[in-house]
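Remarks on the structure that follows.
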Amino acid sequence: MTTPAQRADLAEQMLPIAAHLAVLVHGDGGPEDVADTLAGLDDTQKNALLVVLAGLVDPDQPVSTALGWLDFNEHGSLTVPSWSDSRAVRDLAPEPDLVLDDDYVDQVAVSKFVRGFRVDNLTDSEFLTAVRQLVGTGMSLAEVDQLRRWPARTTENRVNRLRKQFQRSGRQFPSLTQPNAVKFTEQAVVAIRERSEKGATDLELAMSYDVDRETIRAIVRGQRYRQYGGPIRVRRSAGGVKASREYMCGHADNSKLGQPLFWKESKLTPEDRDAIHRRTKNGENVKELAAEYGVSPQTIYDHAA
């Protein structure tokens, strides 16, 4: 039994041979040359060669593109037939007779998936539940790939496979379409991200744009509309969360618990409000102004330019 590292090394060794076979078949040689190339390989090498050759084929290209050159005339020479099959190569592969997972859904695993954390061995039911939640926020299947850092069309391909399994099982596939999902312009996305950075809460923004908080969270974290600008909220690390809790609950030297909640009692004068308006217009930091005037960042934002 070979190890994964040994299999990877063997596949790398077979890559030049796979390339050589490709140029032979495409016109630089004949059947005898192919036979001579394969004669020097043992069974293990031939199996690795088959894997490498399969890896060189794009399964999502049309059959007409993949096989359009592959034909021979009466003299044994390669010719170009008029293939017109528009199906993808993937569609030619036989569908395995797989059984759908049970309907049990681990909501903790689904929640981690939706938030972008690593989740191992997600079942089909959990995968569909998570994808439906993400699509419900307006995300496309391509954006799910971006969230999970998967290769392009990974989510789409798994969804299509599951749709076929549901059909063969006589079950109705759950709808993933969201006809009423809100589409945001680039200007709105940038505005949401800027307001979030200035202290506006997800709930406040959700109410302003008549959407749920998950939609806002996906936008400010860059999970949706990644192509648009604006400041992206960085997910806090576990260490940052711990430090924040210590700060809030009195376990740190500079604990907030031991400090008076002065901002709740502070009242801004009309002069203060005018000054805040002027200073934010000049680009001063909202959080620094909040600390100076003893108010929350949201209060500064309310009076900002």
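Taken together, the residues in the stretch 161-205 that are among the polar types (S, T, N, Q), closer than 30 Å to Val286 by Cα and open to solvent by 70 Å² or more (accessible area, probe 1.4 Å) amount to 3.
Quick check on Leu100: is it modelled with pLDDT under 75, assigned to a loop (DSSP other than H, G, I, E, B) and open to solvent by less than 90 Å² (accessible area, probe 1.4 Å)? It is true that Leu100 is modelled with pLDDT under 75, assigned to a loop (DSSP other than H, G, I, E, B) and open to solvent by less than 90 Å² (accessible area, probe 1.4 Å).
Residues that are among the basic types (Lys, Arg): which helices (runs of 4 or more DSSP H) entirely in the stretch 114-230 hold 2 or more of them? In the stretch 114-230, the matching helices (runs of 4 or more DSSP H) lie at 154-168, 186-197, 213-220.
Taking the stretch 1-93 and the helices (runs of 4 or more DSSP H) fully enclosed by it, the elements with 1 or more residues that are under 30 Å from Pro151 (Cβ atoms) and either open to solvent by less than 70 Å² (accessible area, probe 1.4 Å) or modelled with pLDDT of 80 or more (or both) are at 4-23, 43-55, 63-67.
Taking the stretch 131-160 as the range and being without any contact (Cβ under 8 Å) to a residue 60 or more places away in the chain, open to solvent by less than 80 Å² (accessible area, probe 1.4 Å) and among the charged types (D, E, K, R) as the test, the residues that pass are Asp145, Arg148, Glu156, Arg158. Here is the figure for the stretch 286-305: residues that are surrounded by 17 or more Cβ atoms within 10 Å (Cβ to Cβ) and assigned to a helix (DSSP H, G or I) total 8.
The values are calculated or read from the model by the stated rules, or taken from the named source; none is laboratory data. Because the structure is a prediction, the values reported are computed rather than measured. Positions of Cβ are generated from backbone atoms using ideal geometry, with glycine treated the same way; all protein chains shown enter the neighbour counts. Surface areas here come from the heavy atoms of the whole protein model, side chains and all, with no ligands, DNA or RNA. Shrake-Rupley method; radii C 1.70, N 1.55, O 1.52, S 1.80 Å.
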